[in-house]
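Below is one structure, written out as C-alpha coordinates; the observations come after it.
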Amino acid sequence: MIKISNTSKLNARSWSLQALDTCPGSISSPGVLVDACQGCYATTGNYNYPNVKAPRLSNREDWQRMDWVSDMVCELDQDRYFRWFDSGDMYSLGLAEKILEVMRLTPWCNHWLPTRMHKFPKFSLVLREMQTLDNVMVRFSSDSIVGEYIEGLHGSVIGPDAETFQARDNVKLCEAYAHGGNCNGCRACWDKSVQLIAYPAHGRKMMKVIRIKTA
Ligand code: SF4
(Lines give C-alpha, C1' and ligand atoms only; values in the text may rest on other atoms or scores of the structure.)
Protein backbone atom coordinates (compact mmCIF):
# COMPACT_ATOMS: atom_id res chain seq x y z
CA MET A 1 0.00 0.00 0.00
CA ILE A 2 1.28 3.44 -0.89
CA LYS A 3 2.30 5.52 2.10
CA ILE A 4 2.45 9.27 1.69
CA SER A 5 4.00 11.71 4.15
CA ASN A 6 2.81 15.23 4.78
CA THR A 7 5.50 17.85 4.85
CA SER A 8 3.75 20.68 6.65
CA LYS A 9 6.63 23.06 5.92
CA LEU A 10 5.98 22.77 2.20
CA ASN A 11 2.21 22.46 2.26
CA ALA A 12 2.69 19.54 -0.12
CA ARG A 13 2.71 15.78 0.22
CA SER A 14 5.67 13.52 -0.36
CA TRP A 15 6.63 9.92 -1.11
CA SER A 16 9.79 9.00 0.75
CA LEU A 17 12.28 6.27 1.54
CA GLN A 18 14.69 5.72 4.42
CA ALA A 19 17.59 8.22 4.28
CA LEU A 20 21.11 6.92 3.61
CA ASP A 21 19.93 3.31 2.99
CA THR A 22 18.58 4.49 -0.36
CA CYS A 23 21.10 7.26 -1.05
CA PRO A 24 24.03 5.83 -3.05
CA GLY A 25 24.89 9.38 -4.10
CA SER A 26 25.55 10.28 -0.47
CA ILE A 27 28.84 8.37 -0.41
CA SER A 28 32.03 10.16 -1.41
CA SER A 29 34.40 7.27 -0.67
CA PRO A 30 33.96 3.99 1.24
CA GLY A 31 32.52 4.82 4.65
CA VAL A 32 32.53 8.57 4.07
CA LEU A 33 29.45 10.68 3.39
CA VAL A 34 29.50 13.81 1.25
CA ASP A 35 29.35 16.98 3.33
CA ALA A 36 25.66 17.72 2.68
CA CYS A 37 24.62 14.24 3.84
CA GLN A 38 26.71 14.37 7.03
CA GLY A 39 24.25 16.92 8.39
CA CYS A 40 21.12 15.38 6.85
CA TYR A 41 17.96 16.33 8.76
CA ALA A 42 16.35 13.01 7.85
CA THR A 43 18.76 10.99 10.01
CA THR A 44 17.91 12.61 13.35
CA GLY A 45 15.01 13.61 15.59
CA ASN A 46 11.52 12.63 14.40
CA TYR A 47 12.96 10.63 11.53
CA ASN A 48 14.16 8.01 14.02
CA TYR A 49 10.66 7.37 15.40
CA PRO A 50 9.27 3.95 14.44
CA ASN A 51 6.08 5.50 13.01
CA VAL A 52 8.17 7.71 10.70
CA LYS A 53 10.55 4.93 9.66
CA ALA A 54 7.82 2.36 9.00
CA PRO A 55 6.22 3.98 5.92
CA ARG A 56 9.64 4.65 4.41
CA LEU A 57 10.69 1.02 4.85
CA SER A 58 7.33 -0.15 3.49
CA ASN A 59 7.63 2.08 0.39
CA ARG A 60 10.95 0.46 -0.49
CA GLU A 61 9.15 -2.83 -1.05
CA ASP A 62 5.87 -1.37 -2.23
CA TRP A 63 7.10 0.41 -5.39
CA GLN A 64 8.01 -2.97 -6.88
CA ARG A 65 4.34 -3.98 -7.15
CA MET A 66 2.79 -4.26 -10.62
CA ASP A 67 0.02 -1.79 -9.74
CA TRP A 68 2.22 0.79 -8.06
CA VAL A 69 2.17 3.31 -10.94
CA SER A 70 -1.62 3.27 -11.32
CA ASP A 71 -2.07 3.43 -7.53
CA MET A 72 0.24 6.45 -7.35
CA VAL A 73 -1.66 8.18 -10.16
CA CYS A 74 -4.93 7.68 -8.20
CA GLU A 75 -3.24 8.85 -5.01
CA LEU A 76 -2.19 12.12 -6.66
CA ASP A 77 -5.66 12.90 -7.99
CA GLN A 78 -6.09 15.93 -5.73
CA ASP A 79 -2.45 17.05 -5.49
CA ARG A 80 -1.24 20.08 -7.39
CA TYR A 81 2.27 20.13 -5.88
CA PHE A 82 4.12 16.98 -4.91
CA ARG A 83 7.61 16.42 -3.57
CA TRP A 84 9.46 13.20 -4.16
CA PHE A 85 11.86 12.17 -1.39
CA ASP A 86 11.44 14.27 1.68
CA SER A 87 13.96 11.63 2.73
CA GLY A 88 15.89 9.01 0.75
CA ASP A 89 16.69 9.02 -2.95
CA MET A 90 15.76 7.34 -6.23
CA TYR A 91 18.25 4.51 -5.70
CA SER A 92 16.98 2.11 -8.38
CA LEU A 93 16.65 2.60 -12.13
CA GLY A 94 13.44 0.54 -12.02
CA LEU A 95 12.01 2.96 -9.46
CA ALA A 96 13.13 5.94 -11.56
CA GLU A 97 11.33 4.58 -14.62
CA LYS A 98 8.15 4.08 -12.62
CA ILE A 99 8.34 7.60 -11.17
CA LEU A 100 8.75 8.96 -14.72
CA GLU A 101 5.57 7.11 -15.68
CA VAL A 102 3.68 8.59 -12.71
CA MET A 103 4.89 12.07 -13.70
CA ARG A 104 3.72 11.58 -17.28
CA LEU A 105 0.30 10.34 -16.16
CA THR A 106 -0.31 13.22 -13.71
CA PRO A 107 0.02 16.40 -15.80
CA TRP A 108 -2.25 18.26 -13.32
CA CYS A 109 0.36 17.88 -10.60
CA ASN A 110 3.69 19.72 -10.31
CA HIS A 111 6.47 17.37 -9.25
CA TRP A 112 9.71 18.40 -7.55
CA LEU A 113 12.39 15.75 -7.30
CA PRO A 114 15.68 16.55 -5.54
CA THR A 115 18.34 13.90 -6.16
CA ARG A 116 22.02 12.94 -6.22
CA MET A 117 21.45 10.11 -8.70
CA HIS A 118 22.81 12.29 -11.53
CA LYS A 119 26.22 11.01 -10.39
CA PHE A 120 25.42 7.65 -11.95
CA PRO A 121 25.46 7.67 -15.78
CA LYS A 122 22.79 4.97 -16.10
CA PHE A 123 20.24 7.45 -14.69
CA SER A 124 20.99 10.23 -17.16
CA LEU A 125 18.36 9.26 -19.76
CA VAL A 126 15.49 8.90 -17.30
CA LEU A 127 16.45 12.13 -15.52
CA ARG A 128 16.58 13.94 -18.86
CA GLU A 129 13.15 12.62 -19.79
CA MET A 130 11.72 13.77 -16.47
CA GLN A 131 13.16 17.22 -16.95
CA THR A 132 11.55 17.57 -20.40
CA LEU A 133 8.08 17.36 -18.80
CA ASP A 134 6.38 20.71 -18.15
CA ASN A 135 5.11 19.57 -14.75
CA VAL A 136 8.45 18.30 -13.43
CA MET A 137 11.44 20.03 -11.85
CA VAL A 138 14.37 17.74 -11.10
CA ARG A 139 17.01 19.42 -8.96
CA PHE A 140 20.47 17.89 -8.79
CA SER A 141 21.74 18.57 -5.28
CA SER A 142 25.24 19.92 -4.75
CA ASP A 143 27.25 18.07 -2.10
CA SER A 144 28.59 21.34 -0.73
CA ILE A 145 27.55 22.95 2.54
CA VAL A 146 29.51 26.12 1.90
CA GLY A 147 27.57 27.30 -1.14
CA GLU A 148 29.65 25.72 -3.92
CA TYR A 149 27.87 24.45 -7.02
CA ILE A 150 28.43 23.85 -10.72
CA GLU A 151 26.43 26.25 -12.84
CA GLY A 152 24.18 24.44 -15.30
CA LEU A 153 24.39 21.18 -13.35
CA HIS A 154 23.18 21.73 -9.82
CA GLY A 155 19.68 22.90 -8.98
CA SER A 156 20.17 23.33 -5.25
CA VAL A 157 22.94 23.99 -2.74
CA ILE A 158 23.35 24.51 1.01
CA GLY A 159 25.36 27.38 2.47
CA PRO A 160 26.28 28.43 6.00
CA ASP A 161 23.98 31.47 5.95
CA ALA A 162 21.89 33.75 3.76
CA GLU A 163 24.76 36.22 3.32
CA THR A 164 26.77 33.58 1.42
CA PHE A 165 24.36 33.90 -1.49
CA GLN A 166 23.85 37.62 -1.62
CA ALA A 167 24.73 39.26 -4.92
CA ARG A 168 24.77 35.96 -6.78
CA ASP A 169 22.87 35.92 -10.08
CA ASN A 170 20.34 33.22 -10.98
CA VAL A 171 20.05 32.10 -7.38
CA LYS A 172 16.83 32.01 -5.40
CA LEU A 173 17.48 32.19 -1.69
CA CYS A 174 15.11 29.98 0.28
CA GLU A 175 13.44 32.24 2.82
CA ALA A 176 11.68 29.57 4.82
CA TYR A 177 13.99 30.45 7.73
CA ALA A 178 12.36 33.87 7.85
CA HIS A 179 8.89 32.30 8.17
CA GLY A 180 9.42 29.90 11.05
CA GLY A 181 10.68 27.19 8.70
CA ASN A 182 7.60 27.32 6.46
CA CYS A 183 7.45 27.96 2.74
CA ASN A 184 4.67 30.46 3.30
CA GLY A 185 3.24 30.04 -0.19
CA CYS A 186 6.60 29.99 -2.01
CA ARG A 187 6.78 27.37 -4.79
CA ALA A 188 10.24 28.19 -6.11
CA CYS A 189 11.51 24.62 -5.71
CA TRP A 190 8.93 23.49 -8.28
CA ASP A 191 9.57 26.43 -10.64
CA LYS A 192 11.40 25.39 -13.80
CA SER A 193 12.50 28.97 -14.43
CA VAL A 194 14.48 29.02 -11.15
CA GLN A 195 17.91 27.57 -11.91
CA LEU A 196 19.31 27.26 -8.42
CA ILE A 197 17.80 27.27 -4.95
CA ALA A 198 20.16 28.21 -2.12
CA TYR A 199 19.26 26.83 1.29
CA PRO A 200 20.82 28.50 4.33
CA ALA A 201 21.88 25.68 6.66
CA HIS A 202 19.67 24.88 9.62
CA GLY A 203 19.46 22.24 12.30
CA ARG A 204 21.99 21.49 15.02
CA LYS A 205 23.57 18.59 13.17
CA MET A 206 24.19 20.54 9.97
CA MET A 207 25.52 23.58 11.84
CA LYS A 208 27.97 21.31 13.69
CA VAL A 209 29.21 19.80 10.39
CA ILE A 210 29.67 23.31 8.96
CA ARG A 211 31.64 24.41 12.04
CA ILE A 212 33.96 21.42 11.66
CA LYS A 213 34.41 21.86 7.90
CA THR A 214 35.07 25.57 8.04
CA ALA A 215 37.28 25.61 11.17
S1 SF4 B 1 12.67 27.90 -1.86
FE2 SF4 B 1 10.49 28.26 -1.46
S3 SF4 B 1 9.47 26.30 -1.97
FE4 SF4 B 1 11.65 25.85 -1.76
S5 SF4 B 1 11.89 25.17 0.39
FE6 SF4 B 1 12.34 27.40 0.31
S7 SF4 B 1 10.42 28.43 0.79
FE8 SF4 B 1 9.91 26.27 0.23
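Below are the figures for this structure:
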{"item": "Inverse mean reciprocal Cα-Cα distance (Kirkwood Rh) of the stretch 1-75, Å", "result": "13.9"}
{"item": "Under 14 Å from Lys122, Cα to Cα: aspartates and glutamates that are on another chain or at least 8 residues apart", "result": "Glu97"}
{"item": "Candidates Leu125, Leu105, Leu20: whichever shows maximal mean-square fluctuation once the chain is modelled as a Gaussian network with Cα springs under 10 Å", "result": "Leu125"}
{"item": "GNM top mover of Ala42, Ala19, Ala198 - the chain, alpha-carbon springs below 10 Å", "result": "Ala42"}
{"item": "Antiparallel DSSP beta bridges within the chain, percent to nearest 5", "result": "20"}
{"item": "Residue-averaged 222 nm ellipticity for the chain, from DSSP H runs of 4+ at -39500 (n - 2.57), nearest 500", "result": "-8000 deg cm²/dmol"}
{"item": "Protein accessible area in the stretch 136-177, 1.4 Å probe - carbon and sulfur %", "result": "48"}
{"item": "Difference of contour (0.36 nm per residue) and Cα-Cα distance, Arg187 to Glu101", "result": "28.7 nm"}
{"item": "Area projected by the alpha carbon convex hull of the stretch 24-68, averaged over all directions, nm²", "result": "4.3"}
{"item": "Rotationally averaged projected area of the chain (alpha carbon convex hull; nm²)", "result": "11.8"}
{"item": "Under 17 Å from Lys3, Cα to Cα: lysines that are on another chain or at least 8 residues apart", "result": "Lys53, Lys98"}
{"item": "Solvent-accessible area per residue for the stretch 42-96 (1.4 angstrom probe, square angstrom)", "result": "49"}
{"item": "Full-extension gain in nm, Tyr41 to Trp108, via 0.36 nm per residue minus C-alpha separation", "result": "21.1 nm"}
{"item": "Å² of accessible area per residue within the stretch 176-215, as computed with a 1.4 Å probe and no ligands counted", "result": "63"}
{"item": "Cα convex hull of the stretch 45-153, projected area averaged across orientations, nm²", "result": "8.1"}
{"item": "Range of Cα positions in the stretch 169-214 per principal axis (Å), largest first", "result": "35, 24, 15"}
{"item": "Partner lysines for Lys172 [C-alpha distance under 27 Å; skip if fewer than 8 residues away on the same chain]", "result": "Lys9, Lys119, Lys192, Lys205, Lys208, Lys213"}
{"item": "Within-11-Å neighbourhood charge of Ser16 [Cβ basis; K, R +1; D, E -1]", "result": "+4"}
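The values are calculated or read from the model by the stated rules, or taken from the named source; none is laboratory data. Model, not experiment: these values are computed from the prediction. Because the Cβ atoms are built from the backbone with ideal geometry, glycine has one as well, and the counts that use them run over all protein chains shown. SASA here: full protein model, heavy atoms, side chains in, ligands and nucleic acids out. Shrake-Rupley method; radii C 1.70, N 1.55, O 1.52, S 1.80 Å.
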